[in-house]
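The structure under discussion appears below in the form of structure tokens.
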Amino acid sequence: MFNGYYNISAKTANKIFIAILVFAAIVYVDVSFVNHYLFKTYSLDLGAYTKCLYDFMHGVVNDSLVYRSEPVNCFASHFDLYLVLFAPFVYVFGTYTLLVIQIVSVLVGAWGIFKLIGLYTENRIVPLFAVATFLSFFGVYHAFTFDYHSNVVATMLVPWFFYFFKKQRYICSSLFLLLIIIAKENLSLFMAFVCLGLIWDYRKDKRAIYLLLIYIVLSLLYFFLINSVVMPYLNDEGQSRGFVRYRQWGDSYFEVLLYFITNPTEIFAVLFGHPKKIDFFVCLFFSGGIALLLKPNYLIMIIPLVVQKMLAKYSLLWSIYLQYNVEFAPIVVVAVCICILKIKKEKLMDIIICGIFLSTITTLIYTIEYGSYRQNKQRTQIFRAQHYKQPKFDVTEAYSYLKQIPDTASVCASGKFVPHLCLRKEIYTFPNKKEFDTEWMLLYEEKKHIDFLLNNYMVVSTKDNLWLLRKKKK
């Protein structure tokens, strides 16, 4: 069917590859840009991250007051150096900057998959199916349905890390390892396990093994330095702020590990003890995750991903939605392709590769149409009219209110408006700010919730619970 005698030329493969990328870009733009335009992005996370870009470009470290009532160094929440690197682009793409970067990064990651799988086979159709499967993976698609996150961008560099390591271009692979781990405080642990899993594939190459061991040590050192020294130092509570998700198991990463070593029977309950968790594993299995059972060294790679997901106390992290599953995509797709390419019977290979792709698409459709996270449906279902509507207020009216606010004015706004107003010195989320003293307020609230503001603010415009307020002059 697609293998052997049915191979295609490099020129045709490249054309199909570009067509796949274009189609994927259109879909992702539809999801991401439409949501932002219709005020379906929020102060957490797009507003906060875009405000970081603005602050870095003005020589200031963000204090997180855009969504907090008390100042906290932004690096204490997530040690994300990408925001420093991306800051200049805010002058080009404005409040859409991080959304543009996120889309481009996924397309670059798909290109990495195409190049990587091409190293394993002369068949030019298998890499195309790999790319299509990768771009259809539920974790990739749903990353676009909720704002921006740097772990998405970093994940798209993993195929390139694989590619350059396999090509024995170790300077490049080292650079990509560095670029991945600086994106977020947990990715260094992930990459340590990725390198541990790769040792089996390169077990006959001593030079590669030595380098992978160095990568593992450096990644672990970086993980413990950032999570146990730097982030606690930046946080008044003396811990990484992300650790709050796991505090029910102990007061440190070591205590959490010790707890499960001494209580091994709880591991099964933690992994599978909730319908959302089972839902995730089923979706992962039918999106190519079955290959992880056939290639156990790639199963090792996802251990920290599963642990950080399932040990979290917030059930949303267990689910199949948002950005919490994107890191699985390159590992699963590469494992699938390696397993498929070992099949000697061409017809069987053709059936399986088509089956995996169709299963991945079917799983994606299930997560979009039939998943349980209702809040995500209008941001996700691009083939339904609700995706292109803002049901709560008149979008045109909201933009007319935005235009009335001076670029230099201090603003307190409802969360859905913050991402559109964050390129300024002072921007806060209502009602998180303790003192309502900004020059302007843009709110979507019932009147009874803002009556207390009207002593100090005049109503500039209002319609259907949409309020534009300006502070009264004394």
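The values are calculated or read from the model by the stated rules, or taken from the named source; none is laboratory data. These numbers were taken from a predicted model, which means no experiment stands behind them. Don't worry about glycine lacking a Cβ; one is built from the backbone with ideal geometry, like all the others, and counts go over all protein chains shown.
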Listed residues F33, F75; which is under 21 Å from A143 (Cβ atoms), aromatic (F, W, Y) and not in a loop (DSSP other than H, G, I, E, B)? F33
Any residue in segment 139-154 that's within 14 Å of N186 (Cβ to Cβ): show its pairings with residues that are of a type in the set (D, E, K, R) at Cβ separation under 6 Å, as long as the two are six or more apart or on different chains. S150/D80; S150/K184; N151/K184
Output the residue which, of all residues in segment 266-301 that are closer than 18 Å to Y246 by Cβ and in a loop (DSSP other than H, G, I, E, B), is nearest to the chain's Cα centre (by Cα). H274
Filter result for F223 (of a type in the set (F, W, Y) and either outside any helix (DSSP H, G or I) or over 26 Å from C74 (Cβ atoms) (or both)): no
Only residues that are polar (S, T, N, Q) and in a strand (DSSP E or B): list them for segment 395-430, please. T429
For the structure I just gave you, tell me whether L257 is surrounded by fewer than 16 Cβ atoms within 10 Å (Cβ to Cβ) and in the same structural domain as S150 (by TED's automatic domain parsing). yes
Residue count, segment 228-239, condition at pLDDT below 90 and either surrounded by fewer than 16 Cβ atoms within 10 Å (Cβ to Cβ) or closer than 14 Å to E255 by Cβ (or both), comes to 6
Matching option when the condition is part of a helix (DSSP H, G or I), closer than 22 Å to I368 by Cβ and not aromatic (F, W, Y), among V332, V306: V332
Do the conditions hold for L442, that is, is it crowded, with 16+ Cβ neighbours inside 10 Å and within 24 Å of the chain's Cα centre (by Cα)? no
Which residues, counting only those in segment 165-220, are touching an Asp or Glu at 6+ places or on another chain (Cβ under 9 Å) and either of a type in the set (K, R) or surrounded by fewer than 17 Cβ atoms within 10 Å (Cβ to Cβ) (or both)? K166, Q168, K184
